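Enquirer: Handing you this structure, nothing more for now.
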Amino acid sequence: MNELAIQVKGLTKRFGNFTAVDNISFEVRRGEIFGFLGPNGAGKTTTIRILLGLLQPTAGEARVLGYDVLREAKAACQHVGYMSQLFTLYMDLSAEENVRFYGQAYGLTKKCVQERKAQVLAMAGLTGRERELTSHLSGGWRQRLALGCAIVHEPELLFLDEPTAGVDPVSRREFWQLIYEMSAQGKTIFVTTHYMDEAERCQRLAIISGGRLVAMGSPDELRTKEMRGHVLEITCARPEVALRLLNRERGRLAIEEVALYGAQIHVVAPDQAIQSDVVALLAQEGIEVQTVNWIIPSLEDVFIASIKEERVLI
Amino acid sequence: MATEEYIIQAQDLRKAFYSRQQRRQIQAVKGINLAIRPGETFGLIGPDGAGKTTMMRLLAGLMQPTSGRATVCGYDTTRDAFRIKERVGYMAQQFSLYGDLTVAENLRFFGSVYGVAAATQEKRVPQLLSFAGLERFQARRAAQLSGGMKKKLALACLLIHEPEVALLDEPTLGVDPVSRREFWNLLSALRIERGLTILVCTPYMDEAERCHRVGLILDGELLACDTPANIKAMVSQELIQLCPSHLKKAKEMLQNMEGVLELQTYGNLLHVFLDDADRRQPELERALQAAGIAIEGLRRVQPRMEEAFVSLIGRQRQGR
């Protein structure tokens, strides 16, 4: 059996003059949880669609579970699950009817659907609520039901396109427990997300921006190797005022990026010598500084830094 | 009006709906009290279906409460709903920009809806375009904007009549981190420069941390209402982080250890919630080492808003 769940080489997709995916290459190992990050419009969904065999690439090649997506998409299909951004469930069907529908669509036998239905609903925590209309389920339940439908045919590889958008933190946590259980059973997970704390849960990440792959590695590698510049974390009074002040003085202080993280400020700079200038500036404006530390960058710091160059071009 | 002590007030606010499918009344909001000061940024957080959107609609005067009372800018939401609309900008979850109108046309359209005089619109439209960073795109159709730009345009549209209060229902849903950051920087500018009062619902806990105060809603009730720092301080569990050499084995062991309340996996890292970290941490280290599992990067972690949310909701649900 092929050790790689996904192999992508020089993949390119153009729509007219627009290059949505620009010569990207990467590999995903079997059993891996692989995160695919990037700003809106970076080419994430296009890449997934190519890998699912729904779109033809302009150039390059891609293999999914060893099948060529151009020539053998149908064969790959039976072993691949897909949960899209707008979990496509039928609102006027009950929970179990949705599972049955997807089971039949994937070509499972009646007996097999019956068996899997119970398993899938139990996994989603919907046992006892099988007959409820999907439109009555709240976001978190719908999401778990959509996941259930995507795995009813026991796929080897699962594509999740922003599966947790708009879902509350409790439901997101329960969702990730399910993902880890699947990964423990040897399934491969390919997931896109805008939540950086979810990106931390992946074993390996790729960051795509403007159709190009700009960084790849484990969350730790990205934090320690990919980040250009150092990150200074400041806790101070009136952080919003401090943020504006630092932004205004960016050029003079040789600061690359200033941003708020919750109630703290992160300053990115190529040189740690800026610390005293930053502290002096805040003191001068009467902003009381509680703590100042050079920290290991957060994934959000890395994300912003790695897509920054691309954004200037847009 | 803005000189009053509270710009938004709710007293024992309740809303019940009749659900045809379930054939019974559903209590969406169950006696909520709220008092928000002018210039405050107040975040509403809570699980899906907790009653956040209903709360927003009640305060925007779009829905009548079953009982109780709310005032916004001094006006009663039931009797003076019209006055409230003049003073409030409301951004619903599915904010309906007109996709086939250009950016500038959308602004002018909302200006006309809110009764802003043409001469005033001429002045404000360029200001808002520059504020939202959309000058270059003013002739572009709204449908052709990126997700982040749409949100910024929606924000600009609700500011055209210079409201005193903005009600924002999950305004950054589905938007990437960079655009989210830009959107919140716009909100900062509004509150610092214009003293705008902002009530915002959000599923993002880092956004909740940027609010002055946060209200946590569960099943139509206000569970907690305080500054982010005080809400984080309500978490009784303590959190440590470690990187074990054998993740699966370590998880199995820790799951059954006394004092371990919860485990969360982050790639090759484990977050372990403990009842008493000072006491449990040495026990845990010894147990893992005895099982031949090496530990790296062991450290105490301050709970974030995310942990506070999960812990407070969990505690409440268990108590029922």
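Enquirer: Return a whole-number percent for the relative contact order of the range B:154-272, with Cα pairs under 8 Å and 6 or more residues apart as the contact set.
Expert: 16 percent
Enquirer: How crowded by other chains is B:172-181, given as the mean number of beta carbons from other chains within 10 Å of each beta carbon?
Expert: 6
Enquirer: Starting from the Cα gyration tensor of the range B:40-188, take the square roots of the eigenvalues, sort them a ≥ b ≥ c, and report rounded, prolate or oblate (rounded when a/c is under 1.5, otherwise prolate if a/b is larger than b/c, else oblate).
Expert: Judged from the Cα gyration tensor, the range B:40-188 comes out oblate (a/c at least 1.5, b/c at or above a/b).
Enquirer: If you don't mind, another one. Hey, can you list the residues from the range B:189-216 whose accessible area shrinks by 30 Å² or more with all protein chains present, relative to the chain by itself (probe 1.4 Å, no ligands or nucleic acids)?
Expert: When all protein chains are present, B:192, B:203, B:204, B:209, B:210 each give up 30 Å² or more of accessible surface.
Enquirer: Moving to a separate point now. What residue among B:239, A:265, B:11 has its Cα farthest toward the positive end of the dipole of the protein assembly as shown, where the charges are +1 on Lys, Arg and -1 on Asp, Glu, each on the Cβ?
Expert: Of the candidates, B:11 comes out farthest on the positive side.
Enquirer: How much of the DSSP bridge set in the range A:4-223 is antiparallel, in percent, rounded to the nearest 5?
Expert: Of the beta bridges lying entirely in the range A:4-223, close to 55 percent run antiparallel.
Enquirer: Using a simple charge model, +1 on the beta-carbon of Lys and Arg, -1 on the beta-carbon of Asp and Glu, nothing else, what dipole does the range B:17-59 show about its Cα centre, in debye to the nearest 20?
Expert: About 280 debye.
Enquirer: If you don't mind, there's one more thing I want to ask. Leaving out ligands and nucleic acids, note down the accessible area per residue over the protein assembly as shown with a 1.4 angstrom probe, in whole Å².
Expert: 44 Å²
Enquirer: Assuming R0 = 51 Å, can you tell me the calculated FRET efficiency for the pair residue A:293 and residue A:112, based on Cβ-Cβ distance, to the nearest 0.05?
Expert: In this case the efficiency is close to 0.35.
Enquirer: Please average, across the residues of A:166-175, the number of beta carbons from any other chain that are within 10 Å of each residue's own beta carbon, and give a whole number.
Expert: For this peptide, the per-residue mean of nearby foreign Cβ atoms is 6.
Enquirer: A further question follows. With label points built 7 Å along Cα→Cβ from the Cα atoms of residue A:241 and residue B:317, find their separation and express it in nm.
Expert: My value for the distance between the label points is 4.1 nm.
Enquirer: Next question, about the same structure. What part of the accessible area of the range A:228-296, given as a whole %, is carbon or sulfur when the probe is 1.4 angstrom?
Expert: Solvent-exposed carbon and sulfur of the range A:228-296 make up 49 percent of the total.
Enquirer: Label-point separation (nm) for residue B:279 and residue B:299, each offset 7 Å from Cα along Cα-to-Cβ?
Expert: 2.7 nm
Enquirer: Let me ask something additional. What's the buried accessible area, both sides, between B and A using a 1.4 Å probe, rounded to 100 Å²?
Expert: Buried area (both sides, nearest 100 Å²): 3700 Å².
Enquirer: Considering only the other residues whose Cβ falls under 15 Å of the Cβ of residue B:79, what net charge follows from Lys and Arg at +1 and Asp and Glu at -1?
Expert: Result for the local shell: +1.
Enquirer: Now for a separate question. Compute the convex hull volume of the Cα atoms of chain B, divide it by the residue count, and report the result per residue in Å³ as a whole number.
Expert: Once divided by residue count, the hull of chain B is 174 Å³.
Enquirer: Among the DSSP beta bridges whose two residues both lie in the protein assembly as shown, what percent are antiparallel, rounded to the nearest 5?
Expert: 70 percent
Enquirer: Using a Gaussian network model of chain A with C-alpha springs under 10 Å, which one of A:151, A:295, A:234 is most mobile by mean-square fluctuation?
Expert: A:295
Enquirer: Now for a separate question. If packing is taken as the average count of other Cβ atoms within 10 Å, what order do A:34-43, B:85-94, B:278-287 fall into, highest mean first?
Expert: A:34-43, B:85-94, B:278-287
Enquirer: Charges at C-beta only: +1 for Lys and Arg, -1 for Asp and Glu. How large is the resulting dipole of the range A:4-223 about its Cα centre, in Debye rounded to 20?
Expert: 420 debye
Enquirer: Let me ask another. To the nearest 500 deg cm²/dmol, what mean residue ellipticity at 222 nm is calculated for chain A from DSSP H runs of n ≥ 4 alone, each contributing -39,500 (n - 2.57), summed and divided by the residues?
Expert: -10500 deg cm²/dmol
Enquirer: Could I ask something else about it? Please list the radius of gyration and Dmax for the range A:76-208, considering alpha-carbon atoms only, with Å as the unit.
Expert: Spelled out, the Cα radius of gyration and Dmax of the range A:76-208 are 14.2, 43 Å.
Enquirer: Can you order the peptides B:186-196, A:182-192 by their average number of other Cβ atoms within 10 Å per residue, highest first?
Expert: Output ranking for B:186-196, A:182-192: A:182-192, B:186-196.
Enquirer: Where the centroid of each part is defined by its Cα atoms, how far is the range B:9-36 from the range A:77-114 in Å?
Expert: Distance between centres, Cα-based: 35 Å.
Enquirer: How high is the relative contact order of chain B? Use alpha-carbon pairs under 8 Å, at least six apart in sequence, and give a whole percent.
Expert: In percent, rounded to a whole number, it is 18.
Enquirer: With a 1.4 Å probe and every protein chain kept in, tell me what percent of the accessible surface of the range B:122-280 is carbon plus sulfur.
Expert: 45 percent
Enquirer: If you don't mind, there's one more thing I want to ask. Just how many % of Cα pairs in the protein assembly as shown lie over 47 Å apart, if you round to the nearest whole percent?
Expert: Tail of the P(r) past 47 Å holds 16 percent of the pairs.
Enquirer: As a test, work out the antiparallel percent of DSSP beta bridges whose residues both lie in chain B, rounded to the nearest 5.
Expert: Antiparallel bridges: around 70 percent, rounded to the nearest 5.
Enquirer: OK, next. Using bins 20 angstrom wide from zero, how does P(r) for chain A break down, in % of all Cα pairs?
Expert: Taking every Cα pair in chain A, the percentages come to 29, 49, 20, 2.
Enquirer: I've got another one for you. Averaged across the residues of A:251-264, what count of C-beta atoms belonging to other chains lies within 10 Å of each residue's C-beta?
Expert: 3
Enquirer: Pairs to check: A:13/B:150; B:52/B:251; B:123/B:151. Give those whose C-alpha atoms are more than 30 Å from each other in this structure.
Expert: B:52/B:251
Enquirer: Can you give me the pair-distance distribution of the range A:228-296, C-alpha pairs, 10 Å bins, whole percents?
Expert: Answer for the range A:228-296: a P(r) of 22, 64, 13, 0 percent.
Enquirer: Let me spell out the model: positive unit charges on the Cβ of Lys and Arg, negative unit charges on the Cβ of Asp and Glu, origin at the Cα centre of the protein assembly as shown. What dipole size does that give, in debye rounded to 20?
Expert: In total the dipole reaches around 1680 debye.
Enquirer: Below 8 Å, C-alpha to C-alpha, sequence gap of six or more: please give me the relative contact order for chain A in percent.
Expert: Rounded, it is 19 percent for chain A.
Enquirer: Now, a different point. State the Cα centre-to-centre distance between the range B:253-320 and the range A:203-278 in whole Å.
Expert: When both Cα centres are located, 29 Å separates them.
The values are calculated or read from the model by the stated rules, or taken from the named source; none is laboratory data. Keep in mind that what you see is a predicted model, and the values were worked out from it rather than measured. For neighbour counting, all protein chains shown are included, and Cβ atoms are generated from backbone atoms with ideal geometry for every residue, glycine included. Accessible surface areas use protein heavy atoms only, side chains included; no ligands, DNA or RNA. Shrake-Rupley method; radii C 1.70, N 1.55, O 1.52, S 1.80 Å.
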